[in-house]
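K.L.:
Handing you a structure now.
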């Protein structure tokens, strides 16, 4: 398994319940793909450097996890299909 970090951006207009559901869905998807969630950074509201989907603010979430390299694309596909995530980035961490 390889270590990864996922950073995702949610719109500022969604409530905490939906944000919790997004975070839980990501963690559950990682577990279902055979990965292990190592750290979840609480979601924080931030001002964006430029507009994303007509929003000047956003809510960032960060998840550090380990996942088999063959499953990384499936995780990306699941994230792309989640409507409450405006942008995301999955990067491989140093071990």
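Derivation of every value follows stated rules applied to the coordinates shown; laboratory data play no part. Source: prediction; values computed, not measured. Methodologically, a virtual Cβ is constructed for each residue, glycine included, from the backbone with ideal geometry; neighbour enumeration extends over all protein chains shown.
K.L.:
Hey, can you tell me all the residues within the stretch 19-35 that are in contact with a strand residue (DSSP E or B) (Cβ under 8 Å, 6 or more places away or on another chain), exposed (fewer than 15 other Cβ atoms within 10 Å of the Cβ) and either without any contact (Cβ under 8 Å) to a residue 12 or more places away in the chain or under 23 Å from residue 55 (Cβ atoms) (or both)?
P.N.:
Hit for the stretch 19-35 is 31, nothing else.
K.L.:
As an exercise: evaluate residue 42 against (1) in contact with a helix residue (DSSP H, G or I) (Cβ under 7 Å, 6 or more places away or on another chain); (2) at negative phi and give the number of the one condition it does not meet.
P.N.:
(1)
K.L.:
So is residue 38 surrounded by 11 or more Cβ atoms within 10 Å (Cβ to Cβ) and in contact (Cβ under 8 Å) with a residue 40 or more places away in the chain or not? Talk me through it step by step, then tell me what you get.
P.N.:
Numbers: surrounded by 11 or more Cβ atoms within 10 Å (Cβ to Cβ): yes; in contact (Cβ under 8 Å) with a residue 40 or more places away in the chain: no.
Answer is no for this residue.
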